Amino acid sequence: MISLPTNIPLEFHFVPAINKGATIGDKLMIVLHGRGDTLHSYKVFSKEVNITGLNYLLLNAPFNEMFGHSWYDDAYDFKDKKYSSSLQKLSELIKLLQSHGIPSHNIFLFGFSQGGRMVMDLFHLLDQAFAGVVALSPRVSQFNHLKLSKESSQTAIFVAHGKYDPIISVAESQSNLEVWKQKVTDFQFHLYDMGHEIDVMEIITLRNWLNEKI
């Protein structure tokens, strides 16, 4: 059973692994919502993914909006203060978990939309080996070059996007993902007949991918 530190720097909800099965239950998925949403939407999601032995740490972004929370506004500049602050808090969280006995190679990073951008950029910033990185319908940052260590470049990455996404262009995401494909050994990209959402077929594919990594 995973135990969490008490001083996590963001509002959170912990969903412990109900059934360890053949695992020892030491894997943790950190879950980041999209803009204007809250962690509560992902309580159901954790049940739908339904992975044996996987614990979930659902987070609220630090900035309040009218109907939820955000990781940043509409500015995609790396120097944007809200973006930088969110990235710093997430970095602090990973370091805190590590000091509490949860190594990064036991942590999956998951994010939808804004959250997808944050987990990929957090992985790039920390340059450590994780259990895996999952970005669904992400706003992908534009990096001209990626500097990843040999160890971190072997972290598996799963990205999915909707063909008809009206909010984040799939063409933009695919273009900005090219540098990732060149650097990451185990990189998967999946395209679905959907808009800006999480689809049931997407969850099934993700579940199978996660089961291979646990």
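Some points to look at:
- Residue in the range 164-173 that is closer than 21 Å to SER70 by Cα, buried (at least 18 other Cβ atoms within 10 Å of the Cβ) and within 16 Å of the chain's Cα centre (by Cα) present: yes
- Condition check for PHE12: touching a residue at least 40 places away in the same chain (Cβ under 8 Å) and farther than 15 Å from ILE198 by Cβ: yes
- The range 174-206, residues that are surrounded by fewer than 15 Cβ atoms within 10 Å (Cβ to Cβ) and in a helix (DSSP H, G or I): SER175, GLU178, LYS181, GLN182, VAL200, MET201, ILE204
- GLY116 assigned to a strand (DSSP E or B) and of a type in the set (Gly, Ala, Ser): no
- Qualifying residue in the range 55-63 (condition: closer than 24 Å to PHE143 by Cα and without any contact (Cβ under 8 Å) to a residue 60 or more places away in the chain): yes
- Residue check, TYR76 surrounded by fewer than 15 Cβ atoms within 10 Å (Cβ to Cβ) and not charged (D, E, K, R): yes
- For the range 126-155, a tally of residues being part of a strand (DSSP E or B) and among the aliphatic types (A, V, I, L, M) returns 4.
- Matching residues, the range 158-178, being closer than 30 Å to ILE102 by Cα and in contact with a Gly (Cβ under 7 Å, 6 or more places away or on another chain): PHE158
- Looking only at residues in the range 16-39 that are surrounded by fewer than 18 Cβ atoms within 10 Å (Cβ to Cβ) and among the aliphatic types (A, V, I, L, M), the one that is modelled with the highest pLDDT is ILE18.
- The one condition from (1) in contact with a strand residue (DSSP E or B) (Cβ under 9 Å, 6 or more places away or on another chain); (2) closer than 27 Å to ASN208 by Cα; (3) without any contact (Cβ under 8 Å) to a residue 40 or more places away in the chain; (4) buried (at least 18 other Cβ atoms within 10 Å of the Cβ) that SER104 does not meet is (1).
- Residues of the range 13-44 that turn out to be part of a loop (DSSP other than H, G, I, E, B), of a type in the set (A, V, I, L, M) and within 19 Å of ILE102 (Cα to Cα), as a count: 3
- Close pairs from the range 181-200: first at positive phi and modelled with pLDDT of 95 or more, partner charged (D, E, K, R) and buried (at least 16 other Cβ atoms within 10 Å of the Cβ), Cβ under 8 Å, at least 6 apart: none
- Restricting the range 120-141 to residues that are in contact (Cβ under 8 Å) with a residue 60 or more places away in the chain and more than 17 Å from ILE198 (Cα to Cα), the residue that is nearest to the chain's Cα centre (by Cα) is MET120.
- Output for the range 149-172, where each listed residue is among the acidic types (Asp, Glu) and more than 29 Å from ASP73 (Cα to Cα): GLU151
- Residue in the range 46-61 that is assigned to a strand (DSSP E or B), within 24 Å of THR185 (Cβ to Cβ), modelled with pLDDT under 95 and in contact with a Gly (Cβ under 9 Å, 6 or more places away or on another chain) present: yes
- The range 40-59 - residue that is within 14 Å of the chain's Cα centre (by Cα) and within 21 Å of ILE168 (Cβ to Cβ) and, of those, surrounded by the fewest Cβ atoms within 10 Å (Cβ to Cβ): PHE45
The values are calculated or read from the model by the stated rules, or taken from the named source; none is laboratory data. Fair warning: this is a prediction, and the values are worked out from it, not measured in the lab. Backbone-built Cβ (ideal geometry, glycine too); neighbour counts: all protein chains shown.
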